[in-house]
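Just below is one structure, and these are the notes that go with it.
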Amino acid sequence: METLPAARAAAQDALAVLRGRRLAVLTGAGISTDSGIPDYRGPDSPPRNPMTYQQFVGDEGFRRHYWARNHVGWQHVNRTTPNAGHRALVRLEEAGVVTGIITQNVDLLHEDAGSRNVIDLHGRYDRVICLQCGRVISREHLAQRLDALNPGFVESVAGDVADIEIAPDADAVIERTAHFRPAPCEFCGGILKPEIVYFGENVPRERVDRAFALVDDADALLVAGSSLTVMSGLRFVRRAAKNGQPVVIINRGPTRGDDLATVKLDTGTSETLTAIADALT
Ligand SMILES: [Zn+2]
């Protein structure tokens with residue numbers, strides 16, 4: 001990507017803080033919008049009621065609706081590719097500047113781009129777990145089972161673009177889901193759930209501890225594309241601030257961490273991270 005003069009100028013403030021430091025990075029939905037995955041918390045986004053864990057486990061009709069939508073949305077996320085922001089973070093890691101990435105995204109675009117040390121804080125869209133026996137299967141494998149149980153379903157809604165709304169968690173809004181047949185666990189018959197952390201669910205402790213350790217071991221924290229709306233992300237900004245580490249936030253629109261930021265850039269992640277990588281690698 002061509003670095004815009006405005007992005008280069010904005011990045012100067014951040015570079016004054018970041019230069020010579022090893023960086024932990026926290027990313028959110030904003031870094032993936034340039035890959036075609038909408039950010040439902042971004043400044044231009046419609047309000048959205050996220051699904052809760054309690055809804056998912058407590059209501060069979062809700063689960064049927066969820067899996068029907070997910071079966072379409074998954075295919076969309078599976079086709080997305082990393083953008084310049086993801087690639088800039090790869091360059092920074094290869095140069096020894098970035099020590100690792102904590103991401104709130106489940107789209108795996110950091111891994112696809114080539115980042116090596118990534119903590120998928122909220123899980124990943126390509127895995128499914130059985131809530132009864134705990135076995136984990138691939139989303140690809142489940143897709144084959146769902147296709148067999150629901151022949152023609154994806155094709156029947158795929159052309160109806162107006163009816164399909166793609167969300168970051170591979171959720172897609174479709175109305176015609178009443179006859180969709182979800183797949184039970186093939187080993188024990190239990191309920192299958194995407195291996196994604198939903199509202200009302202906690203991030204596994206071991207994963208949180210690894211993320212805190214990544215922040216503690218770095219010299220500064222760089223936040224890219226997160227409004228830090230939920231505590232699962234905000235706590236790392238608070239940790240860095242408590243450690244006395246500088247915090248740089250790149251996000252379009254306000255964030256809950258702005259008062260803790262050393263530098264806040266209200267700019268796009270693709271061009272700003274590219275400018276930072278150009279300067280530091
Ligand atoms: Zn099972």
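What to note about this one:
- Any hit, the stretch 223-240, residues being among the β-branched types (Val, Ile, Thr), surrounded by fewer than 24 Cβ atoms within 10 Å (Cβ to Cβ) and not in a strand (DSSP E or B): yes
- In the stretch 60-76, the residues that are without any contact (Cβ under 8 Å) to a residue 24 or more places away in the chain form Cβ pairs under 9 Å with partners that are among the polar types (S, T, N, Q) and assigned to a helix (DSSP H, G or I), at six or more places apart or across chains, as follows: Phe62/Gln55.
- Looking only at the stretch 190-215, residues that are open to solvent by less than 10 Å² (accessible area, probe 1.4 Å) and assigned to a loop (DSSP other than H, G, I, E, B) come to 1 in all.
- Residues located in the stretch 153-175, provided they are surrounded by fewer than 19 Cβ atoms within 10 Å (Cβ to Cβ) and either among the hydroxyl-bearing types (Ser, Thr, Tyr) or modelled with pLDDT of 70 or more (or both): Val154, Glu155, Ser156
- For the stretch 102-144, the set of residues classified as acidic (Asp, Glu) and outside any helix (DSSP H, G or I) consists of Asp107, Asp120, Asp126, listed by residue number.
- Positions within the stretch 107-124 being touching a residue at least 24 places away in the same chain (Cβ under 8 Å) and not charged (D, E, K, R), in sequence order: Leu109, His110, Ala113, Gly114, Ser115, Asn117, Ile119, Leu121, His122, Gly123
- Candidate set: the stretch 40-53, residues that are in contact with a Phe, Trp or Tyr (Cβ under 9 Å, 6 or more places away or on another chain) and at pLDDT 60 or above; chosen: the one surrounded by the most Cβ atoms within 10 Å (Cβ to Cβ): Met51
- When Gly96 is tested against (1) crowded, with 18+ Cβ neighbours inside 10 Å; (2) on the phi > 0 side of the Ramachandran plot, exactly one condition is not met: (1).
- Looking only at residues of the stretch 1-32 that are open to solvent by 20 Å² or more (accessible area, probe 1.4 Å) and closer than 24 Å to Arg116 by Cβ, we find that the one that is modelled with the lowest pLDDT is Met1.
This table checks each residue for (1) in contact with a Phe, Trp or Tyr (Cβ under 9 Å, 6 or more places away or on another chain); (2) open to solvent by 30 Å² or more (accessible area, probe 1.4 Å); (3) among the hydroxyl-bearing types (Ser, Thr, Tyr); (4) away from the ligand (no atom under 16 Å from the Cβ).
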residue: Arg63; (1), (2), (3), (4): yes, yes, no, no
residue: Glu111; (1), (2), (3), (4): no, yes, no, yes
residue: Tyr125; (1), (2), (3), (4): yes, no, yes, yes
residue: Ile129; (1), (2), (3), (4): no, yes, no, no
residue: Pro151; (1), (2), (3), (4): no, yes, no, yes
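Condition check ((1) surrounded by fewer than 17 Cβ atoms within 10 Å (Cβ to Cβ); (2) of a type in the set (A, V, I, L, M, F, W, C); (3) touching a residue at least 40 places away in the same chain (Cβ under 8 Å); (4) closer than 19 Å to Gly96 by Cα) across all residues:
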residue: Asp217; (1), (2), (3), (4): yes, no, yes, yes
residue: Gly257; (1), (2), (3), (4): no, no, no, no
residue: Thr269; (1), (2), (3), (4): no, no, yes, no
residue: Leu280; (1), (2), (3), (4): no, yes, yes, yes
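The values are calculated or read from the model by the stated rules, or taken from the named source; none is laboratory data. No experiment lies behind these values; they were computed from the predicted model shown. A quick note on method: Cβ atoms are made from the backbone with ideal geometry, for glycine too, and the neighbour counts reach across all protein chains shown. Surface areas here come from the heavy atoms of the whole protein model, side chains and all, with no ligands, DNA or RNA. Shrake-Rupley method; radii C 1.70, N 1.55, O 1.52, S 1.80 Å.
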